[in-house]
Amino acid sequence: MKQFLLSSAVVLCSAGMSLADTYRPECFAPAPGTGTISYEAKDGPYKIAFVNGFAGNDWRIAAIQAAKAWAARPENAEKIAEFNVVSVGNDSAAQIAAIDNFIAAGYDAITFIAVNPSAFEPVIRRAERAGTVLVPFDNVLDSDKIVQINESQLELGRIKAQAVMDLLDGKAEKILMVNGLPGNATDRDRRAGMMSVLEKVEGLEIVEVVGNWDTGTSQKVVSDALATHGEFDAVVSQHGSLGTINALQAAGHPIVPMGVDGENGVRMAMADLGIPGVSAAQAPAMSAIALEAAVALLEGNELPQTVFLPIPRATSDELVAGETYFPDLPKSFNTGTGFPDCFAPFTPQELLGQSPDNG
């Protein structure tokens, strides 16, 4: 067996990196200006863990199911000696402790959704000493020392805000912004992307509420905002958007342009109610791409330090039952079931057949 040394990692800070310079660039597309990372190959099969943080919304449940569905596919299962999933809540100390436990247990790779983007430098060093590959995704880290899997959160926020402003011909007096879980990079960057569009609108009042990316929470805080601020010209929501739509409907609010997420129930409501706008998503199947990246790195392949996956989206006039949304499936089902350039997207049956629990 080859010795696995993370100290032998190659980090190339090459802003002009060609797509052809890295492994499977059609899947692991480099973010602008990123470098590359590779490690000495290690023989499998591998012990891999996914350490989730917060598990209190449908997106996180779908991410867990996608990770388990990936591990269950025969071509992946043959490369895995052990696979474990744990959720630790919105506590960075608990998440770091869980990662340390897997490092101490000799795990070869750990994927995770970071609770806090700036608290992981010490655990990165401990993983390096132990020879454990770390691959965060979704809520990534303020670090260039490990491979990270994401969509451009700035672009995701920008897409939603630009869509509603285009429908309003660039003019609005008051817009509601439903933000996500405070304290992490994803919420920060999505908000910044929205603000990059909205702050240029002359005379615009932006009312912000915290929806925690959760349907129930979003419904409550939007109801409160409507009671306090009255009607809005448009709404942009990071996630939990069905709660936002429900609150608007319950208050008898007029139909307005919306930039919302990609859950099945959101797209069903957009189609049924004739809501103009865009449904754009951070696909929870990203959890599977992080696992795919972890195995690629363990096998000695070179990847971009920051991978930007394409953003699944559909405008209101692109909503087609059975294609871009599924009336026969649960409203909580996320329409971002995979990335075809990486591997065949999961079927609804593959995902819904997986337990969202630890294990």
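The values are calculated or read from the model by the stated rules, or taken from the named source; none is laboratory data. Small disclaimer: the values here were computed from a predicted structure and weren't measured. Neighbour counts are summed over all protein chains in view; Cβ atoms, including those assigned to glycine, are modelled from backbone coordinates with ideal geometry. These accessible areas exclude ligands, DNA and RNA; they are computed on the full protein's heavy atoms, side chains included. Shrake-Rupley method; radii C 1.70, N 1.55, O 1.52, S 1.80 Å.
For segment 234-278, which residues satisfy the criterion of being touching a Gly at 6+ places or on another chain (Cβ under 9 Å) and either farther than 17 Å from Leu176 by Cβ or of a type in the set (Asp, Glu) (or both)? Residues satisfying the conditions are Asp261, Gly262, Glu263. Does Asp91 meet the test of being of a type outside the set (A, V, I, L, M), over 22 Å from Phe346 (Cα atoms) and more than 21 Å from the chain's Cα centre (by Cα)? So Asp91 does not fit the description; no. Looking across segment 287-309 at every residue that is of a type outside the set (A, V, I, L, M, F, W, C) and in contact with a Gly (Cβ under 9 Å, 6 or more places away or on another chain), the one that is surrounded by the fewest Cβ atoms within 10 Å (Cβ to Cβ) is identified as Glu299. Only residues that are in a loop (DSSP other than H, G, I, E, B) and in contact with a Lys or Arg (Cβ under 8 Å, 6 or more places away or on another chain) were counted across segment 248-266, and they come to 1.
Among the residues of segment 32-82, those identified as over 30 Å from Val266 (Cα atoms), among the β-branched types (Val, Ile, Thr) and under 21 Å from the mean Cα position of the chain (by Cα) are Thr34, Ile48. Selection within segment 65-92: residues that are open to solvent by 60 Å² or more (accessible area, probe 1.4 Å) and at pLDDT below 95. The member of this set that is nearest to Asn212 (Cα to Cα) is Asn90. The C-beta contact set for segment 36-54 (first residue within 20 Å of Leu303 (Cα to Cα) and assigned to a loop (DSSP other than H, G, I, E, B), second residue open to solvent by 20 Å² or more (accessible area, probe 1.4 Å) and modelled with pLDDT under 95, distance under 6 angstrom, 6+ apart or interchain) comprises Tyr39/Ala9; Glu40/Phe4; Glu40/Leu5; Glu40/Ser8; Ala41/Lys2; Lys42/Phe4; Asp43/Met1.
Residue-by-condition table, conditions (1) charged (D, E, K, R); (2) assigned to a strand (DSSP E or B); (3) out of contact with any Leu (no Cβ under 9 Å at 6 or more places or on another chain):
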residue: Ile311; (1), (2), (3): no, no, no
residue: Asp317; (1), (2), (3): yes, no, yes
residue: Glu323; (1), (2), (3): yes, no, yes
residue: Thr337; (1), (2), (3): no, no, no
residue: Pro340; (1), (2), (3): no, no, yes
residue: Pro345; (1), (2), (3): no, no, yes
residue: Leu351; (1), (2), (3): no, no, yes
residue: Asp357; (1), (2), (3): yes, no, yes
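Annotation note: of Pro356, Pro284, the sole residue that is closer than 24 Å to Lys220 by Cβ, surrounded by fewer than 21 Cβ atoms within 10 Å (Cβ to Cβ) and either of a type in the set (A, V, I, L, M, F, W, C) or touching a residue at least 60 places away in the same chain (Cβ under 8 Å) (or both) is Pro356.
For (1) modelled with pLDDT of 95 or more; (2) surrounded by fewer than 22 Cβ atoms within 10 Å (Cβ to Cβ); (3) in a strand (DSSP E or B), each residue gets a yes or a no:
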position: Ile103; (1), (2), (3): yes, yes, no
position: Tyr107; (1), (2), (3): yes, no, no
position: Thr111; (1), (2), (3): yes, no, yes
position: Ala114; (1), (2), (3): no, no, no
position: Arg129; (1), (2), (3): yes, yes, no
position: Val140; (1), (2), (3): no, no, no
position: Ile149; (1), (2), (3): yes, no, yes
position: Ala161; (1), (2), (3): yes, no, no
position: Ile175; (1), (2), (3): yes, no, yes
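Consider segment 30-64 and keep the residues that are open to solvent by 20 Å² or more (accessible area, probe 1.4 Å) and within 20 Å of Ser241 (Cβ to Cβ). The one that is modelled with the highest pLDDT is Ile61.
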